[in-house]
1. Suppose a student asked you for the relative contact order of the chain, using Cα pairs under 8 Å spaced at least 6 residues apart; what percent would you report?
2. What angle, in degrees between 0 and 90 and rounded to the nearest 10, separates the Cα long axis of helix 532-545 from the longest principal axis of the Cα atoms of the chain?
3. Does region 112-227 classify as rounded, prolate or oblate by the C-alpha gyration tensor (a ≥ b ≥ c root eigenvalues; a/c under 1.5 gives rounded; else a/b over b/c gives prolate, otherwise oblate)?
4. Quick one: which of 323-334, 131-142 comes out on top by average Cβ neighbours within 10 Å, and what's the full order, highest first?
5. Would you mind working out the magnitude of the charge dipole of the chain relative to its Cα centre, with +1 at each Lys and Arg C-beta and -1 at each Asp and Glu C-beta, to the nearest 20 Debye?
6. Non-local amide H neighbours of Thr45 (under 5 Å, H modeled in plane, Pro and chain starts lacking H): which ones?
7. Each label point is 7 Å from the Cα along the Cα-to-Cβ direction; what then is the distance between the points at Trp252 and Glu714, in nm?
8. Show the residues, 5+ positions off or on another chain, whose built amide H is closer than 5 Å to the amide H of Ala325.
Amino acid sequence: MSNRAAGSGLVPLVEGDAEGRLIDRLVDVALAQRGVVALSDDRRTLRYGELLGAAEVVRAAVAEAAAPGAPVAVLRRPGVGAVTAVVGVIAAGRPVLVLDPTTPVTRLRHYVEAAGSVTCVVDPEHAEVGGEVCPTVLVPEGTVPLPDHSLEEVAAALRSAPTGSTDPVAVVFTSGSTGRPKGVFSDSRSLLHDAWTNSVATGCYGAGDVVANLLPLGFDAGLRGALAGLLVGTTQRLFDPRTRPITELPGWLEEVGATVFLASPAILRGLVATLPPGRSLDALAMVTMAGETVHGSELAAIRSIVGPACEIRNRYGSTETGLIAEFVLRPGDPAPAGATPVGWPVAGLRLQVQDQDGGLHDRGTGRLVVSGRWLSRGYWGEQQLTDAVYSDGEDGVRSYLTSDTATIADDGCMRLLGRTDHSVKVRGHLVEPGEIDAVLFAHPDVREAVVVGVASPATGRVHLVAYVVPAAPRLDASTVRRAVREALPGFMVPQEIVFLPQLPRTERGKLDRSALPPAPGVVAGLTPPRTDWERVVAALFARVLELEAVGLDDDFFELGGDSLAAEALLAALSEELGVSGKELSTNLLVEFPTVGAFAAAVRRRRAPAHPTLVCLSRGGSRTPLFCIAGAGGVALGFRALARRLGPDQPVWAMQAHGLENRGLPDWSVRAMARRHVRTLRTVQPTGPYRLAGHSLGAVVALEMARQLLAAGEETELLVLLDTFPPERGASPPVLTGGPLRRVKQLAALATTGVLPDPGLGHYLRFHRQGMALQRRYRTAPWNGRTLVLVARDDPDASARRRWAGHLTGEWSTHDVPGDHVGMLHEPNVAEAARVIASELAALDASRSDRAPLVVEAPRS
């Protein structure tokens with residue numbers, strides 16, 4: 001934490017300041033460091049003095065138009081303008097209600113009506129939506145002209161509202177057990193104390209720090225984080241990952257000089273995936289996250305991209321309480337195994353667990369109770385709900401009964417075990433499935449429905465499953481998802497839809513959740529991807545959506561994709577597939593939401609760094625594995641295999657010349673091999689080499705091994721993946737059908753790589769051309785170490801096993817799951833990777849005493 005406060009005249013925030021008013025503290029900070037940058041985004045920068053002037057314009061407009069007492073909504077583009085409006089509304093003495101522009105209008109209207117708001121502060125681009133949710137819309141722009149007004153006069157105006165420290169300052173909506181949103185309201189005392197615990201009390205940040213804030217202002221953690229940064233005098237750099245590609249994040253963090261990083265675990269996962277190998281964010285002194293379960297392996301991954309002195313904080317809080325506890329991973333501390341604890345309580349709070357009889361205990365397992373003098377006031381306009389979970393002691397200590405089950409160890413460290421109600425955490429958001437039930441019950445084609453959260457066995461992350469009893473015979477999953485998407489945020493759209501004739505019930509007629517059948521998994525479309533490129537894109541869709549597979553016509557958003565999943569997809573395209581971040585945006589995904597359409601759109605924008613060579617994994621010092629794609633196949637088709645071989649195994653892949661660059665193809669296996677050998681030696685100048693090839697690529701790899709041997713270089717391993725041996729009649733004919741059809745096929749074959757074709761025909765021509773080259777290729781038996789892998793589910797499997805007369809060295813055959821194409825894709829690729837990895841490990845063990853290989857960056 002920086003010490004700038006001492007030199008600026010700013011008095012550091014202390015716990016006793018929580019007895020005052022939030023606006024007074026904020027004005028004091030601004031006057032003490034009026035020339036320091038307070039807020040900046042991609043459009044605007046405000047110094048603290050300028051912040052006061054801009055907030056005064058909002059305050060004056062609100063004070064004139066809005067009646068005292070009722071919350072005033074803020075609906076602005078996330079960034080400086082939204083935070084400024086929040087300060088202005090608070091200064092006017094009205095509670096502020098922040099609305100997120102990405103939320104559906106029906107949901108915004110519900111928030112506004114529940115809060116009793118009739119006035120909304122907007123910017124010009126959201127004026128129309130503001131008019132749909134509030135009768136009075138204010139568009140205050142600009143700042144007070146300081147030549148005409150001194151900053152002290154502006155400060156006095158901002159302090160002028162006749163409010164006290166216990167008057168409501170903010171209303172934030174969260175989900176509740178009633179199945180509808182509840183507004184939690186906080187006063188100055190609560191927000192000031194929470195600012196102190198977030199920053200000074202925990203040593204996380206203070207004046208002089210540059211805080212990279214990626215938390216949405218419309219959520220409680222985002223609002224509290226933005227206010228805390230201003231109340232202690234930090235410089236906040238604001239980045240909205242929903243409107244800017246996450247691929248920009250590493251460069252942006254370095255550009256703004258961020259020392260503290262506030263983000264959700266999902267964004268941090270995207271950052272880890274986006275950061276190029278070998279690059280680290282050494283300027284960061286602190287990384288904090290909150291909102292969902294974080295595993296120790298994820299903390300280790302985050303630690304690998306920051307400097308050695310950086311602290312990583314896993315925090316836990318709620319809208320009803322503010323920050324509750326934190327677990328700090330300091331330099332040198334081992335990362336915890338499994339789910340990370342949420343740690344120890346922050347200053348001013350006491351944590352206990354309630355047993356089944358209502359007894360409270362400082363240690364043990366039960367329903368968590370949080371006690372302190374600084375909790376939120378309760379639920380706006382919902383006294384009965386407030387009384388059900390809040391209680392006040394005679395000593396002024398307020399207690400809140402959470403819906404979390406926790407265990408508190410003897411040393412006071414707390415772990416969360418789950419929820420006592422049906423609410424779940426989905427991508428960091430607390431979701432009450434009853435809200436989704438209500439939307440589905442309102443649909444005319446739904447007789448009844450129930451939504452539950454299901455944890456993935458592999459990752460532990462929760463997704464939503466809707467069990468639906470149709471009232472109409474043709475109700476389908478896309479209709480159900482569309483109905484939810486139109487009413488609720490994207491993270492509340494069920495990923496799986498299960499149709500039932502009726503919901504299971506107990507003898508007393510109550511819903512029996514334990515009898516709901518297991519969800520079968522999202523059913524992908526019937527049309528499979530047609531090319532390697534489409535298969536690669538489909539695999540990325542499936543990975544970010546946590547599905548087994550997706551089809552060519554499946555819609556990203558109808559499968560449950562939201563803005564964070566979209567960012568993860570774009571980050572993977574940029575980092576793993578070499579697509580420039582400048583060419584990618586969430587708008588592109590909205591315009592082309594299916595696998596087929598999106599793959600075609602991205603292909604038109606993709607410019608490979610090398611025409612035939614792709615690096616799939618650069619890490620580690622082991623001997624690289626070079627993989628050769630089959631006829632019409634792209635090098636990226638080996639991506640799943642590379643991932644399975646592990647981060648310490650370098651993998652490079654090659655594809656036909658002209659396939660994805662302007663150029664004529666090679667017209668023999670030997671010519672293709674010569675080109676690939678030249679390319680291979682720009683990466684690894686000398687042997688021994690390890691080669692693998694799929695289909696046509698396998699016989700090209702065989703020919704490469706022969707040419708390398710002729711040049712005096714050793715190929716210590718050759719892997720032949722599901723290919724026909726080089727003998728007459730082994731592979732199927734290239735031309736099929738009647739005479740006219742054969743003539744057309746021959747004409748298409750002759751124009752391979754000549755006629756421009758951005759579509760599927762281009763790949764099919766290269767595929768047919770490759771088949772022709774393979775049928776003509778003949779060679780002498782190979783005497784080197786060889787693995788033959790055959791796809792056991794392929795109809796030509798027996799023909800692809802007939803290598804006995806062509807291999808005279810040490811060799812073995814292995815059947816692996818999948819068909820000819822599917823063997824290289826999840827989940828089938830796991831077995832192929834296991835066989836290859838075992839052979840590579842044996843080679844490594846046998847050559848451990850040799851000099852290390854020199855591997856260079858490729859030369860075009």
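1. 7 percent
2. Relative to the chain, helix 532-545 is tipped by roughly 30 degrees.
3. Oblate.
4. Output ranking for 323-334, 131-142: 323-334, 131-142.
5. Rounded to the nearest 20 debye, it is 3700 debye.
6. none
7. Rounded to a tenth, the inter-label distance reads 5.1 nm.
8. Residues meeting the criterion, in which the H sits 1.01 Å from N, are Tyr316, Val346.
The values are calculated or read from the model by the stated rules, or taken from the named source; none is laboratory data. Remember, it's a predicted structure, so these values are computed and weren't measured experimentally. All Cβ positions, even for glycine, are placed from backbone atoms using ideal geometry, and neighbour counts span all protein chains on display. In case anyone asks, the SASA skips ligands and DNA or RNA and just uses the protein heavy atoms, side chains included. Shrake-Rupley method; radii C 1.70, N 1.55, O 1.52, S 1.80 Å.
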